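The values are calculated or read from the model by the stated rules, or taken from the named source; none is laboratory data. None of the values given here were measured: they were computed from a predicted structure. Methodologically, a virtual Cβ is constructed for each residue, glycine included, from the backbone with ideal geometry; neighbour enumeration extends over all protein chains shown.
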Amino acid sequence: MDHLQGIFIAEAEELIASLEETLLQFDKDRTNKTFIETIFRSMHTLKGSASMFGFESLSALTHELETVYDLIRTGRFTATNEVLEVTLEAIDHVKKIIRDQAMQDPANRARHETLRTAIAGLTSVARGQQSNTPAGVATFYVHCRPHANVQLKGTNPLYLIEDLVSLGSARVLPHLHEVPPLDALDPTGCYTGFEVFLASKNTLDEVQGVFIFAEDCCDVTVEKIADSDLLLVPEFIQALDIKPFGAAPFGLPAIRHLVTQALRAGVTATAGAPAATAPAPAATSKNHVTSIRVSSDKLDELLNLVSELVTSQAGLTLLAARHDVPGLANLAENMEKISRRLRENAFSICLIPIDTLVTRFQRLVRDLSKELGKEISFSAEGVETELDKSIIESITDPILHMLRNCIDHGIESPAEREAKGKPRQGNIRMKAFHSGTSVYIQIADDGKGIDAEKIRQKAIAKGLLLADTVLSEKETYDLIFKPGFSTAEQVTDVSGRGVGMDIVKRNIEAIHGEVSIASRVHEGTTITIRLPLTLSIVDGMRVRIASSEYILPLTAVDKCYEIETHKLRQEHAQKIEFDGDLLPVFNLRQVFHEDEPRPDITQVIKVQYDEFPVGLAVDAVVGEYQAVMKPLGSFYENREEFSGATILGDGTVALVMDIHKLVRQLIDENRLLHQH
């Protein structure tokens, strides 16, 4: 089975299990709108993903179920016992056909048709509950131009058309004028758009709601053009019919002209149609990109092989240094250049821009703010910043949790914001940027902020803190990451149970990251996540401390100095003048408790810690090294100053330092920089 389909099946089975659990909860509380929304969104996600991966039967079935629950969530249908029974039976059926995509089992085929008939019956009953009188019918004009990558984002434009048609009677006009010649066609691209003239009793908001999950991948115009059913006016239909099949869209000015003409008794609209419908010249694509899909397993294997090559190349370099073999040094040097370029290319293939997550964050802010009756805008900058795909996968849920907290606890209600002299609409801003060896992601809101004293009192009340304990502001905010800690005055469906922020911190630290909070009461809160660029290969500086070797990430290194060893005191830290400035220096020999004889000359490596320059004293700088990262064993699981280990060319192991965590730990221990 195709690997990508295998990934879809695994994710779909998790979604189906969650959907079934929600359905059972909904069966006990059918007035809970949260359950209805969850069911609807789950079905929409399953439908779109199934279509993207070629599971058309599954996609069609969930689309029909989604239609039923759309009617329920919009108050146009009631969730009866029959609805729940049919839905649960459909979920049982989906569990089977997800492993039988072609429905080779006759029982699955028969059951599929039975269920589609039952669901169609429910939809018919739902339509029957709505008024059959023509009063209130209006005509809407819809123009949709899906983006080229719309299907890669899990949206099938055909389903958008079906959703529109389900709202009333409609005429659909496709646009085919941008379709390129066959030899220039990208099978994953979308070159078509469509216009729909819809006669419906639905409101403008309800018609626009069809595109609620497609706003990021389609350019959409929806406008009410008449307070009557124009599709019953022969003159209007005649004007539509003379438009060449597949031609460019009318455009709103031409549409308004047609409407005016059609509403004039006894006057045809055909006179104005030809000029309005002249097709635009076909556009020639200048941005055609040739691409292929590759299994993530193959990418992982490629990275593993590149890692092995880097390790072997290091061995070859060491061999060339030890043996004077003609040509061997040049060969080793060329191999190093090739392996570095190969590594950089392989690594870049596995980088994913943060932009891939933004749509999901936008949807969460939109849906949740509406649910909570708040007005919130979401913006993101630096979304072109790239991270290792494994890191992207690991940070998605933590960021979603932080956004929920911003929406639920941070941003005030519109009335409360107005009372404080703030705009009714709150703002959440996400910013991503590179700094040194790390990528930073900041989530900032302009809400009520966090009261540090309130956190302190809550911690004392919970027994997490003694009443006379003095904490810095940072240490106070760090209490939020304690298990079970919450300052919420009221528990909601969104958050407030004290479950989550400790998990957020644990998950981020699991990928060698850090999370911190800064806040001002009445002004807002900023959560900062620091992440490594990659978990696989690091350009490093190889150093020696006593008989052990270590790797420092090269991007953290600013400069190297030499100093006579006797000038270093025996304690962990001191300040030494370099280039006319006092530099805080940490003696790593003392830090790592190395007691072997010291060399006469010590190397001091200047690194950056946030805004501070800091010196790290080592015995010797061996040189640059491409470190293939290996996970640490259980012996080092509590040593956060190390992000991993690497195998050197001679087979020995070197620990890779996490400069940020190491220096932070040393500062906490020595408090040297507090007087900086």
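For the range 202-218, indicate whether the set of residues that are more than 23 Å from Asp367 (Cα to Cα), among the charged types (D, E, K, R) and assigned by TED's automatic domain parsing to the domain that holds Pro249 is non-empty.
We begin by selecting, within the range 202-218, every residue more than 23 Å from Asp367 (Cα to Cα); these are none.
No: the range 202-218 contains no residue that is more than 23 Å from Asp367 (Cα to Cα), among the charged types (D, E, K, R) and assigned by TED's automatic domain parsing to the domain that holds Pro249.
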**OP:** Could you tell me whether any residue of the range 108-122 is out of contact with any helix residue (DSSP H, G or I) (no Cβ under 8 Å at 6 or more places or on another chain), at pLDDT below 85 and either under 30 Å from Pro244 (Cβ atoms) or not basic (Lys, Arg) (or both)?
**Re:** yes
**OP:** Considering each of Asp388, Asp446, Asp408 in turn, give the residue that is farther than 26 Å from Ile480 by Cα, of a type in the set (Asp, Glu) and crowded, with 19+ Cβ neighbours inside 10 Å.
**Re:** Asp388
Subject >> Complete set of residues in the range 8-45 that are within 20 Å of His63 (Cβ to Cβ) and among the small types (Gly, Ala, Ser) >> reply: Ala12, Ser18, Ser42
Original post:
What is the number of the single condition among (1) modelled with pLDDT of 85 or more; (2) under 23 Å from Asp408 (Cα atoms) that Pro483 does not meet?
Top reply: (1)
Subject >> the range 545-589, residues that are crowded, with 17+ Cβ neighbours inside 10 Å, closer than 18 Å to Leu666 by Cβ and among the charged types (D, E, K, R) >> reply: Arg589
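Every residue in the range 511-560 that is hydrophobic (A, V, I, L, M, F, W, C) and assigned to a helix (DSSP H, G or I), please. Write out each step before concluding.
As a first pass, look at the range 511-560 and keep what is hydrophobic (A, V, I, L, M, F, W, C): 511, 515, 517-518, 521, 527, 529, 531, 533, 535, 537-538, 541, 543, 545-546, 551-552, 554, 556-557, 560.
Once the filter is applied, which keeps residues that are hydrophobic (A, V, I, L, M, F, W, C) and assigned to a helix (DSSP H, G or I), the range 511-560 yields Leu554, Ala556.
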Original post:
Looking at (1) surrounded by fewer than 15 Cβ atoms within 10 Å (Cβ to Cβ); (2) at pLDDT below 85, can you tell me which one Val172 breaks?
Top reply: (2)
**OP:** Collect the residues in the range 234-243 that are loosely packed, with under 14 Cβ neighbours inside 10 Å and touching a helix residue (DSSP H, G or I) at 6+ places or on another chain (Cβ under 7 Å), keeping them in residue-number order.
**Re:** Ile242
**OP:** Answer yes or no: is there a residue in the range 190-205 that is surrounded by fewer than 17 Cβ atoms within 10 Å (Cβ to Cβ), closer than 27 Å to Tyr69 by Cβ and of a type outside the set (Asp, Glu).
**Re:** yes
